[in-house]
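The values are calculated or read from the model by the stated rules, or taken from the named source; none is laboratory data. Quick caveat, the model's predicted, so the values are computed rather than measured. Ideal geometry is used to build each Cβ from the backbone, glycine not excepted, and the neighbour counts take in all protein chains shown. Calculation scope for accessible area: heavy atoms of the full protein, side chains included, ligands and nucleic acids excluded. Shrake-Rupley method; radii C 1.70, N 1.55, O 1.52, S 1.80 Å.
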Amino acid sequence: SGFNDLLSENMKNRYFAKNHTIYSEGDIGNHMYFINSGTIQLTTADGTNTTRHQGDFFGEGALLNPKKIRSATITCLTPVHAIQISREYFDKYMASGGSGLKLSLKEKDRVR
């Protein structure tokens, strides 16, 4: 499937310690992440506060946003192992026919 192709060819394993801030709202974003293990907290200035766990992803909003701005702050509630995907490979994948995936990601980002 689309996600599997994207991951297998262009993934980078990352480890983040408990209480580490992966990025802050307003930062420029050039990566998205798929959580292999652990829990992150997603917070925004307007009061959103939610968690993401194994199997979830985050960071896609900045890859879809023309200004490349992060819409939330991500903090690790536990140690987190994640797969990092760069903007370069994300854009390359989308240009090669991932439009259905892009619509799905935009909808998920909007609902959050």
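What residue, among those in the stretch 49-90 that are hydroxyl-bearing (Ser, Thr, Tyr) and out of contact with any Ser or Thr (no Cβ under 9 Å at 6 or more places or on another chain), is most open to solvent (accessible area, probe 1.4 Å)?
Quick first cut of the stretch 49-90, residues hydroxyl-bearing (Ser, Thr, Tyr) only: 50-51, 71, 73, 75, 78, 86, 89.
The next check asks that each one be out of contact with any Ser or Thr (no Cβ under 9 Å at 6 or more places or on another chain); those that pass are 86, 89.
Details: Ser86: 27, Tyr89: 80 Å².
Of everything passing the filter in the stretch 49-90, Tyr89 is most open to solvent (accessible area, probe 1.4 Å).
Quick one: would you say Thr39 is loosely packed, with under 14 Cβ neighbours inside 10 Å and in contact with a strand residue (DSSP E or B) (Cβ under 8 Å, 6 or more places away or on another chain)? Explain how you work it out, then say what you get.
Details: loosely packed, with under 14 Cβ neighbours inside 10 Å: no; in contact with a strand residue (DSSP E or B) (Cβ under 8 Å, 6 or more places away or on another chain): yes.
It is false that Thr39 is loosely packed, with under 14 Cβ neighbours inside 10 Å and in contact with a strand residue (DSSP E or B) (Cβ under 8 Å, 6 or more places away or on another chain).
Hey, can you tell me all the residues within the stretch 45-84 that are over 13 Å from the mean Cα position of the chain (by Cα) and charged (D, E, K, R)?
Asp46, Lys67, listed by residue number.
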